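One structure is given here, and the rest of the page talks about it.
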Amino acid sequence: MFRGVGDRSMAYDRSTVIFSPQGDIIQLEYARKAVEKGATGCGVRTPECVILAGIKKETELIEAPEKIHIIDAHIAATAAGLQADTSALVKRARIQAQIHRLTYSEEITITTLANQLGEFLQNHTQVGGLRPFGTQLLFGGKLGNPELLLVDPGGAVFKCRAVAIGQNNDPANEILKKEFNDELDQASAIKLIKEALQSSIVSTDQEMIDIAIINSDGIEKSTL
Amino acid sequence: MFRGVGDRSMAYDRSTVIFSPQGDIIQLEYARKAVEKGATGCGVRTPECVILAGIKKETELIEAPEKIHIIDAHIAATAAGLQADTSALVKRARIQAQIHRLTYSEEITITTLANQLGEFLQNHTQVGGLRPFGTQLLFGGKLGNPELLLVDPGGAVFKCRAVAIGQNNDPANEILKKEFNDELDQASAIKLIKEALQSSIVSTDQEMIDIAIINSDGIEKSTL
Amino acid sequence: MFRGVGDRSMAYDRSTVIFSPQGDIIQLEYARKAVEKGATGCGVRTPECVILAGIKKETELIEAPEKIHIIDAHIAATAAGLQADTSALVKRARIQAQIHRLTYSEEITITTLANQLGEFLQNHTQVGGLRPFGTQLLFGGKLGNPELLLVDPGGAVFKCRAVAIGQNNDPANEILKKEFNDELDQASAIKLIKEALQSSIVSTDQEMIDIAIINSDGIEKSTL
Amino acid sequence: MFRGVGDRSMAYDRSTVIFSPQGDIIQLEYARKAVEKGATGCGVRTPECVILAGIKKETELIEAPEKIHIIDAHIAATAAGLQADTSALVKRARIQAQIHRLTYSEEITITTLANQLGEFLQNHTQVGGLRPFGTQLLFGGKLGNPELLLVDPGGAVFKCRAVAIGQNNDPANEILKKEFNDELDQASAIKLIKEALQSSIVSTDQEMIDIAIINSDGIEKSTL
Amino acid sequence: MFRGVGDRSMAYDRSTVIFSPQGDIIQLEYARKAVEKGATGCGVRTPECVILAGIKKETELIEAPEKIHIIDAHIAATAAGLQADTSALVKRARIQAQIHRLTYSEEITITTLANQLGEFLQNHTQVGGLRPFGTQLLFGGKLGNPELLLVDPGGAVFKCRAVAIGQNNDPANEILKKEFNDELDQASAIKLIKEALQSSIVSTDQEMIDIAIINSDGIEKSTL
Amino acid sequence: MFRGVGDRSMAYDRSTVIFSPQGDIIQLEYARKAVEKGATGCGVRTPECVILAGIKKETELIEAPEKIHIIDAHIAATAAGLQADTSALVKRARIQAQIHRLTYSEEITITTLANQLGEFLQNHTQVGGLRPFGTQLLFGGKLGNPELLLVDPGGAVFKCRAVAIGQNNDPANEILKKEFNDELDQASAIKLIKEALQSSIVSTDQEMIDIAIINSDGIEKSTL
Amino acid sequence: MFRGVGDRSMAYDRSTVIFSPQGDIIQLEYARKAVEKGATGCGVRTPECVILAGIKKETELIEAPEKIHIIDAHIAATAAGLQADTSALVKRARIQAQIHRLTYSEEITITTLANQLGEFLQNHTQVGGLRPFGTQLLFGGKLGNPELLLVDPGGAVFKCRAVAIGQNNDPANEILKKEFNDELDQASAIKLIKEALQSSIVSTDQEMIDIAIINSDGIEKSTL
């Protein structure tokens, strides 16, 4: 470890609050490794709805954690990464949404919510004595237009048309890139998301897919 | 230690608040080692009840610690890991249950309680200057449907049908997988849990089994 | 790493609050590396207006982050660096501008705003347990005279006539130096800024340019 | 120290708040070493009373510290380990007992008191910037049934029939195991505890034994 | 770094709050290196006035930072070192001057102001978790007699007749030593300060000189 | 230091809040080294009085620090170790004695006072960011029976008949052991303490002895 | 530094709050090195007055810092060491003296003042995150009897008849030892202090001596 090391980044990755000579926050890159180990999630946005879905790995005696988290009547989320970190963020998102309702007597927009979470995550990459969250969140909601927003462990927020996150997301993203178009209807979007997720399944165990359809009627959650 | 080391994770395991290059919180994995040294515990959920049980290692002059902890009139817990950490968490769980009763004039659900504990545990993996708890909790309760919930030292919460935790839990889990089914009646569940636990006994000392039957009549605790 | 090292600065770069023997705050230089990875931004000041613009890297399914941030009715900003850090600073700038309006019943000057941000950034290079921000901000505004102000990650504020920041900014700055003069009209300034930015485009992907024209009529934002 | 080291635990023992790869809190094991250097103490529980006793090492001009600490009218303690740590814990125990009396107008149970101390000790193994206490406490009391409770430096609490702690406790514990039975009367218990302690005396100096008999009449303290 | 090192101070320079074996606060010496990189400043005191001046390095598109900072109606300052640190200290000086006016209904003396800044700077060399400021301040003012005061990054305050600070100040100081006398009139002082500063110019770029004349009429600022 | 080191304790002595593998708080042992460098002090208890005395090393132009500290009308102290630490503890003792008088309208007992100081010293061995005190205190007082109490840097309190502390205390303690008996009258005690202290004088400089006689008449201080 | 090192203290000098194996606080010894670099100061006490004096090193364009600091109408001080640390302590001493006047309506005694400063300095050697002050203070005053008190960076306070501190103080102290006697009159004391200081002058530059005569008439300050 202390000899002939070509890995110059080694000494810069043990604290979240410092940069490496390359300008990276390496702890954040390690947090993204935790994300890549989490069960695959996926989202697709159509002109009328957002579809969120995630692979649920059933083990024999222990039930798999939910992949779809209802945040408010008009917003759901899927996530990939550490389950306990996800729970903490989902709880925070739910509380923010309720605070917004109580303060302004209206629903929170999906963008406002994602930005609030992003700010909280960014703070965990800048203040000493904390680690970044090992979770990537994908918010889908409809308040006016459907929105699909990706929140990175570092706090960056990205508007998405369609995206897959977590374990082995490359095949799913390839399918999305090839087959997604902006005029998909709800049924095609569901078909696409299933196809994408199934391409990312790595184990031979029976795996289920949790799915949520968010449209003008609210959120409809089911398991395939 | 400083030469020819293949173990790259070495430098990342001395602080709870950082990730290893693989995206793991290694202190948490070490905490799980503490769990694996704790006396074996087990839980089984049937349509009508939850059975919790744990191996109690009697030494000659010192009484073994209780393996069944009553949390509230409808919830009990067994745990594996550091005894002092277990006591701290059990105390916290009891207080949360009472706070819920006083605040809402109703019993806390088993899920709410497990999530509250999970949140507390997650926090101990993210904030500097704390170590994770070296204890895994298994909550069993009946408020409506019977529930069996496993809370990991990292704060993740899992719904279980049947599970064994702690020392040498593999044989017990094997038996559970083979013999558990969702229609067990209470007597068969008790028989199964005893069989599972006995398969995990490692010492030749006389060991007892603490057991709790949680059903509509409340909690019945005994020692076999 | 510990032998035959010519790099004397090595031990001085792991904490933001110390100087290297050369009198540098090396963490700050690493933060500037993060800036140099951010999508290129550019600003030009004319006697009548300020033009801000930035390259927006479209990926197929994920929309690129905005390069123009409206701060107040008379101030906009572009930035290069970490997206989450940028969001945090942009939010802060917006709040400062509103606080000024509410406190003094008048718009904040661009200089006052840039200095307030600079102070906040300087603080992150002097107090332990924080990292510098990995973002360089370019504020453009018109309150009386047009102003173009660059705020460095270290907190220094520079008055600019024209400047490009972020990834591969050298070609853009070369063009600005050659072609900028203080009597440009708005149309020529827009032409110049486009030319400058296009010279800095590194990828062969389709890239767009976000642009803002800030003059007596307010801020006009568009995408080319 | 840094070469050819087989001792993998080396790097994990310099902070109380981290686990070793084996799941141990090594600072706690070192604290137990301090306990093993403290003068031997012993306790025996009979159906009617608890006997506590400890070896008091007289030096010529300096009086040995007390081995029996009266906590309340119905509880006494003996301890092994660092004298100053013992004093701090004994003082805390006395205050807890008085707080209980003032709050509930009744005596504190021996279990409640031991658990309160255990909680305090556990906290010193989990929060950064503190070391564990280097003291093991043995509480004896009678409030209803006689109780003998051992509190470990890590905060674990054990119900005991009879136990010896501190320096060279093995011979004493051997004797206790061989000769203790649950029907001892007070006189036999005193005889047993003396025999046990004398077997653990290591020096040839004159050593005395402090003894306390806790029964329905209260606590009777003497020195043999 | 760990072999054949002659540099004994190496291990003592990574924290501001410790002394080296030679009794030096090495971080402070590094901060002075930052000062020596700052654009040259200069001050001259005559019986009737104080002249402050500084070299302003114009770059083509970015305006050079001001070298003269008005602190109050009767005090100005020039500085050499990190620009953001300078801004922070100048802002503090301005606030202190106004606090004095509001509290005592009179102007702050130049000595009081310099001592207050010195105290603040000293504190940054003694308290952990902070770095010293990388800026040297030169205050000139007239309240009764003209005063020229140098404040070191370590907090020491020196009364000066004439002094040059910052980059390549040796030639300037040589000229001051040779040509300064206590009876200079204002015109000769201005001539001297220009001569001194021009001798310290290192680049071949066009460089300007910011100058301030502080006398009974107040402060007159101009650029040569 | 990094090679072939036999000294296993090396890494455990740089923080007060951790134990060495042997169960020692090594910083405390180093603090005792500071005690052993302090001028020798001595105390003798008789049935009627306590005598405290200490060697006062006169240098030519600087007066030696007092060796006898009056704490209250009935308590004095001598100390060995760091002078500034001694002053801090003596001041604390005086304040505690006055607080006791004001709170309870009676004099503090010597035991209470010594225990309060001991508690304060113990805390400095357990909380991070503090060093232990480098001073050993010897309190003598008469409130009812004469008491002589030794307070160790670690916070342990010892009842003494006669004891010498500080530099070269072995010869003095040898004499005390040989010649002390519990029926000494005041004159013999004074003679004994002088003989003991003189045996410990190491330098050839003229040294004086500060002495205090504490009996029913109060405290009589003189220098021999 | 890391090989064949005989210097065992090496690892113990980087934090103020720990002892070396020899019982020394090495940071304090380094602070004393800073004292030994400060311009020489001197004090002499006579039956009627105290004389304080210090060498003032004039440089050509920068005035030397004052060597005599008036603390109150009856107390002055000279100091050797870091100028900014001296200023901080002198300011503190002045405030303490005024607080005493306002609280008790009488002048502070020289001993009380020196002890208050000593306490403050001691604290800087015991609490983490601070460095000791690099300044030695010599207080002279007359309130009743003349008093000359030396306050060490570690906080120890010494009563002096005559003493020289700072750079090259050996020759001065030799002269004081040889020629001082307790019956000096004021004129002889002034002559002695000049002789002593002149023997310690190391440079060939013109150096002045600041002097203060403190007697029943107050403090008379002049420069020789």
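Numerical summary
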| quantity | calculated |
| --- | --- |
| Projected label distance in nm at residue F:223 and residue G:183, using a 7 Å step from Cα toward the beta-carbon | 2.0 nm |
| Cα-based convex hull volume of region E:71-143 per residue, rounded to whole Å³ | 83 Å³ |
| Cβ neighbours within 10 Å from other chains - mean over C:161-174 | 1 |
| Gaussian network model of chain C, springs between alpha carbon atoms under 10 Å - residue of C:148, C:184, C:176 with greatest fluctuation | C:184 |
| Efficiency of FRET from Cβ geometry, residue C:63 and residue B:102, R₀ 60 Å, rounded to 0.05 | 0.75 |
| Relative contact order of chain A, pairs being alpha-carbon contacts under 8 Å that are 6 or more residues apart, as % | 29 percent |
| Share of alpha-carbon pairs per 5 Å distance bin for region A:95-217, given as whole % | 2, 10, 15, 19, 18, 16, 11, 6, 2, 0 |
| Region E:18-102: Cα Rg divided by the 2.2 N^0.38 Å rule of thumb | 1.34 |
| Region E:44-118: GluC sites (Glu not before Pro) in DSSP coil with no more than 10 other Cβ atoms inside 10 Å | E:106 |
| Debye equation applied to the C-alpha atoms of chain F, log10 I(q)/I(0) at 0.08, 0.15 Å⁻¹ | -0.30, -0.96 |
| Whole-Å semi-axes of the ellipsoid equivalent to region A:43-170 (Cα gyration tensor, √5λ, descending) | 21, 20, 15 |
| Length-normalised contact order for region G:110-188 - Cα pairs under 8 Å, 6+ apart - percent | 25 percent |
| Reachable lysines, given that their alpha-carbon falls under 21 Å from the alpha-carbon of residue C:56 and they are not under 8 places away in the same chain | A:159, A:177, C:33, C:37, C:67, C:91, C:191, C:194, C:221 |
| Histogram of C-alpha separations across the protein assembly as shown, 10 Å bin width, % | 1, 6, 12, 16, 17, 16, 14, 10, 6, 2, 0 |
| Pairs of alpha carbons in region F:167-224 whose separation is greater than 12 Å (percent) | 70 percent |
| Highest-MSF residue in chain C out of C:61, C:192, C:117 [GNM, Cα springs under 10 Å] | C:61 |
| Sites residue F:194 and residue D:203, calculated FRET efficiency, Cβ-Cβ separation with R0 35 Å, nearest 0.05 | 0.60 |
| Net charge of neighbours whose Cβ lies under 15 Å from the Cβ of residue C:222, counting Lys and Arg as +1 and Asp and Glu as -1 | +1 |
| Rg(Cα) / (2.2 N^0.38 Å) computed for region G:123-183, rounded to two decimals | 1.37 |
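The numbers here are math on the coordinates, done by the rules we state, and not lab data. The structure presented is a predicted model; accordingly, all values stated were derived computationally and were not measured. All Cβ positions, even for glycine, are placed from backbone atoms using ideal geometry, and neighbour counts span all protein chains on display.
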